[in-house]
Amino acid sequence: MSATLSTPFTFPSSLAPYNIPAELYLSANPGLTGLVVSSIIIHNNRVLLIQRAAHDGFPLKWECPGGGVDTTDPTILHAVCREVQEETGLKVTTLGSKVDILDFEGRDGAKWRKITFLVVLDDTEDPVVRLNAEEHRDAVWAAAGDVGSGKCEGRYIEFAYGDQKQLVMDALSANNR
């Protein structure tokens with residue numbers, strides 16, 4: 001029996017281990033309670049950063065789109081595409097690669113895994129970002145220099161998570177090769 005499903009998006013074979021339901025992934029990784037996905041979205045050598053809402057956790061900090069994998073998501077890869085669309089209005093048609101895996105402990109002591117994926121948008125598109133105002137307040141397309149300096153289009157960029165700045169820099173650097 002195959003656990004993989006057909007998808008409305010394309011992805012390289014290296015992502016096949018994530019084209020399965022979260023329950024199957026969690027059963028193969030005992031000790032994990034849940035999964036979170038994140039996406040580093042690159043367009044024309046710039047990365048999409050979104051600012052968290054003032055009333056949310058990590059208020060007004062910047063991050064890449066993502067969130068929890070739901071039981072209704074057919075696969076982990078579907079969760080990435082759903083989260084991107086919910087948070088930014090962008091439709092993912094191609095996933096690039098896995099960028100990072102980070103295990104962390106939740107507030108209640110639960111063990112979580114965050115999997116970050118690369119999304120490269122077609123250079124001919126002019127993506128229009130539509131934020132979910134309940135979750136995010138602002139968005140910018142930042143070049144590597146902007147990320148490095150912590151300032152883009154007059155906004156100060158302070159990341160919600162310590163390792164995210166380096167992940168974004170590494171992804172931008174790899175994309176420029």
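None of the figures in this text is laboratory data; all of them are computed from the coordinates on show. Model, not experiment: these values are computed from the prediction. No Cβ is skipped: glycine too gets one built from the backbone with ideal geometry, and neighbour counts run over all protein chains shown.
Brief remarks follow.
- Comparing THR72, THR116, THR94 in a Gaussian network model of the chain, where Cα atoms under 10 Å apart are tied by springs, the biggest mean-square fluctuation is seen for THR72.
- Additional length obtainable on full extension of the chain from ALA143 to ASP122, 0.36 nm per residue less Cα span: 5.9 nm
- Bins of 5 Å, starting at 0 and running to the largest distance - Cα pair percent for the range 13-175: 2, 9, 18, 22, 22, 16, 8, 3, 1, 0
- Relative counts (whole %) of C-alpha pair distances in the range 48-106, using bins that are 5 Å wide: 4, 15, 21, 27, 22, 10, 2
- Sites listed here are GluC sites (Glu not before Pro) in the range 83-177 whose DSSP assignment is loop and whose Cβ has at most 16 other Cβ atoms within 10 Å: GLU125, GLU134, GLU135, GLU153, GLU158.
- Computed from Cα atoms, the angle from the helix 76-88 axis to the main principal axis of the chain rounds to 30 degrees.
- Degrees, to the nearest 10: 164-175 long Cα axis against longest axis of the chain: 90
- Look at ARG137, ARG107, ARG46 and count the other Cβ atoms within 10 Å of each Cβ; fewest to most, that gives ARG107, ARG137, ARG46.
- Net charge contributed by nearby residues that have their C-beta within less than 13 Å of MET169 (K/R +1, D/E -1): -2
- Max mean-square fluctuation residue, GNM over the chain, Cα-Cα springs under 10 Å, options PRO65, PRO21, PRO127: PRO127
- Charge context of ALA143, other residues only, Cβ under 12 angstrom, K/R +1, D/E -1: 0
- Highest-fluctuation residue, VAL129, VAL119, VAL47 considered, GNM on the chain with Cα pairs under 10 Å: VAL129
- Phi angles across the range 41-47 convert, under the Karplus curve 6.51 cos²θ - 1.76 cosθ + 1.60 with θ = phi - 60°, into 3J(HN,Hα) values of 9, 10, 9, 6, 6, 10, 10 Hz, Gly and Pro given as x.
- Ratio of Rg to Rh for the range 23-65: 1.16 [Cα atoms; Kirkwood radius as inverse mean 1/r over pairs].
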